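Heads up, the thing below is written out as structure tokens.
Only the coordinates and a few stated rules stand behind these numbers; no lab work does. No experiment lies behind these values; they were computed from the predicted model shown. As a convention, Cβ positions derive from the backbone with ideal geometry for all residues, glycine included, and neighbour counts pool all protein chains shown.
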Amino acid sequence: MSLTRDAQWSRETAASILQHCRDSVPGFKRVRRIEQAELPKTISGKIRRVELRDLEIRRASGEEPAEPGAEFAEADLDLRRS
């Protein structure tokens, strides 16, 4: 899912997306964490999965922190229970 050109990434946007998932997707399939980031792509436009994997490994080991304000977890947001 991508935002429209005029939409801004914010806590409210993340809460809206997570609330939609909570309302329309079964609990075992539900998204629990959402992150806004530019995806590394090849010249032909395909997503470079190797770079994504390396980034997640570096973040898990603490070498590279996530950008502040770019990641939101369902538990951190005040979502209404359905």
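Structural remarks
- Scanning the chain for trypsin sites (Lys or Arg not before Pro) that sit in a DSSP loop and have at most 13 other Cβ atoms within 10 Å, the longest stretch containing none of them is 49-79.
- Order of Ser16, Ser61 under a 10 Å beta carbon neighbour criterion, fewest first: Ser61, Ser16
- About the Cα centre, charge dipole magnitude for the chain (Lys/Arg +1, Asp/Glu -1 at Cβ), debye: 460 debye
- Share of pairwise Cα-Cα distances greater than 21 Å in the chain is 42 percent (whole percent).
- Top of Glu35, Glu12, Glu71 by mean-square fluctuation, Gaussian network on the chain, Cα under 10 Å: Glu12
- Between 0 and 90 degrees, the angle of helix 11-24 with respect to the longest Cα principal axis of the chain falls at about 70 degrees.
- Pairwise label distance in nanometres, Asp23 with Ala37, each label 7 Å out on the Cα-Cβ vector: 2.9 nm
- Stretching the chain fully between Val50 and Arg30 yields a gain of 4.7 nm (0.36 nm per residue, less the alpha carbon separation).
- Stretch gain in nm, segment Gln8-Glu67, where the contour uses 0.36 nm per residue and the Cα spacing is subtracted: 19.6 nm
- Positive minus negative residues near Asp54 (Lys, Arg vs Asp, Glu; Cβ under 12 Å): +1
- Neighbourhood charge, 11 Å Cβ-Cβ cut-off, centred on Val31 and excluding it, Lys, Arg +1 and Asp, Glu -1: +3
- Over the chain: helical MRE at 222 nm, DSSP H runs n ≥ 4 each giving -39500 (n - 2.57), nearest 500: -10500 deg cm²/dmol
- Most fluctuating residue given options Ala60, Ala15, Ala70, as computed from a GNM of the chain linking Cα atoms under 10 Å: Ala60
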